[in-house]
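The values are calculated or read from the model by the stated rules, or taken from the named source; none is laboratory data. Source: prediction; values computed, not measured. Here Cβ is always computed from backbone atoms with ideal geometry, including for glycine, and neighbour counts include all displayed protein chains.
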Amino acid sequence: MRRDGMKFAGITQTRELMQGKTQVADAAAMGRQSSDAALIDPSNQNPNIADLVAKTIEVLQSKTVFQTALESNIEAFHHAIVLERKIDQVEDRIMEKVSKRFDELEKTTQQLGEANADLRTENQQLRQELEQSRAQSAVRDTG
């Protein structure tokens, strides 16, 4: 089962955010204000990427145990995403090869079916000829 829809949505948003550096700078400046607003307003279930990046920057610059933990998590998550991409690429290549092989097998099966039909027809003709030959031999022997 493919995970593309969920997996790449955050990546696309992150890339868009990275292209707009001013948004990140503004978000970093407003980081605490927006995080406080998110805590106060429970209806804000979907925090925006800029806010998360601002918070991430703050934690990464904190020189605390949280910085180390977040760095480790980021590395682990990034590694997992890279591996998932590689797995998806391998799955795609395998599926292409399997599909190609399946098509070849279908074609071969069809050819074998046609050859089998031809052999059945030939066999039937030979039986008829044999029966006619036997019938003629029987008529000559009796007559």
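For region 66-96, a residue qualifies if it is among the hydrophobic types (A, V, I, L, M, F, W, C) and within 11 Å of the chain's Cα centre (by Cα), and the qualifying residues are ILE87, VAL90, ILE94, MET95.
Results for (1) polar (S, T, N, Q); (2) in contact with a strand residue (DSSP E or B) (Cβ under 7 Å, 6 or more places away or on another chain); (3) at pLDDT 95 or above, shown as yes or no for each residue.
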{"residue": "GLY20", "(1), (2), (3)": "no, no, no"}
{"residue": "GLY31", "(1), (2), (3)": "no, no, no"}
{"residue": "SER35", "(1), (2), (3)": "yes, no, no"}
{"residue": "ALA50", "(1), (2), (3)": "no, no, no"}
{"residue": "ASP88", "(1), (2), (3)": "no, no, yes"}
{"residue": "THR109", "(1), (2), (3)": "yes, no, yes"}
{"residue": "GLN125", "(1), (2), (3)": "yes, no, yes"}
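Within region 121-128, is even one residue within 48 Å of the chain's Cα centre (by Cα) and among the β-branched types (Val, Ile, Thr)? Yes, some residue in region 121-128 is within 48 Å of the chain's Cα centre (by Cα) and among the β-branched types (Val, Ile, Thr). Taking SER99 as the residue in question, decide whether it is in a helix (DSSP H, G or I), surrounded by 10 or more Cβ atoms within 10 Å (Cβ to Cβ), of a type in the set (Gly, Ala, Ser) and under 28 Å from the mean Cα position of the chain (by Cα). In short, yes.
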